[in-house]
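Let me begin by presenting the structure, written as structure tokens, before commenting on it.
The values are calculated or read from the model by the stated rules, or taken from the named source; none is laboratory data. Keep in mind that this is a model prediction, so the values were computed, not measured. For neighbour counting, all protein chains shown are included, and Cβ atoms are generated from backbone atoms with ideal geometry for every residue, glycine included. Each accessible area value is taken on the protein alone, full model and side chains, heavy atoms only, with ligands, DNA and RNA left out. Shrake-Rupley method; radii C 1.70, N 1.55, O 1.52, S 1.80 Å.
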Amino acid sequence: MDDIRSRLWQKLAVNAAINPLVALNGVRNGELRDAAYSGQVEAVVKEVAAIMLAEGIQPPKGATDENAWLSMVWQVVRNTANNKASMLQDVAAKRPTERGAILGPLIERAEHHGLSCEVLNGLNREIEALEARYLS
């Protein structure tokens, strides 16, 4: 059961690092490696890694630090380089995004543990504002 919980949190971590950034910037997953976006990816992963630590979720592949989370995200970015993430597809189709399902749990757990999540909160606000422009 813990393995399933860890895998779900890992998937959430990857989605939080990729989906909002590609949706806001209108780029494919692989473009997140560009200098214009890579720092943002790293900032998201830094917050997510702290949340995972507080939640007792082990870094992927038995590693012991934040770099393992970043490596996992970069691997997914490489493997899905030509993909348009689901949140970008939602924005393009002017549909509600999975913002609440992806960023919501991370923000809630960060607040629960008294952790800073300014980057995640900022992305959440930006996606919410973007949605408001086409959903209202």
Selection status of Ala43, in a helix (DSSP H, G or I), of a type in the set (Gly, Ala, Ser) and closer than 26 Å to Leu130 by Cβ: yes
Cβ pairs under 6 Å, 6+ apart, first in the range 73-93 and within 21 Å of Ser136 (Cα to Cα), second modelled with pLDDT of 95 or more and assigned to a helix (DSSP H, G or I): Met87/Asn19; Met87/Ala23; Leu88/Val22; Leu88/Ala23; Val91/Ala23
Looking only at residues in the range 1-15 that are of a type in the set (A, V, I, L, M) and over 10 Å from the mean Cα position of the chain (by Cα), which one is surrounded by the most Cβ atoms within 10 Å (Cβ to Cβ)? Leu8
Looking only at the range 16-52, which residues are open to solvent by 30 Å² or more (accessible area, probe 1.4 Å) and touching a His at 6+ places or on another chain (Cβ under 9 Å)? Ala50
Number of the condition not met by Lys84 [criteria: (1) surrounded by fewer than 20 Cβ atoms within 10 Å (Cβ to Cβ); (2) part of a helix (DSSP H, G or I)]: (2)
Could you look through the range 119-136, keep only residues that are without any contact (Cβ under 8 Å) to a residue 12 or more places away in the chain and surrounded by fewer than 14 Cβ atoms within 10 Å (Cβ to Cβ), and pick out the one that is farthest from Glu47 (Cα to Cα)? Ser136
Considering only the range 56-98, state which residues are over 12 Å from Ile18 (Cα atoms) and modelled with pLDDT of 95 or more. Asn79, Asn82, Gln89, Asp90, Val91, Ala92, Ala93, Lys94, Arg95, Pro96, Thr97, Glu98
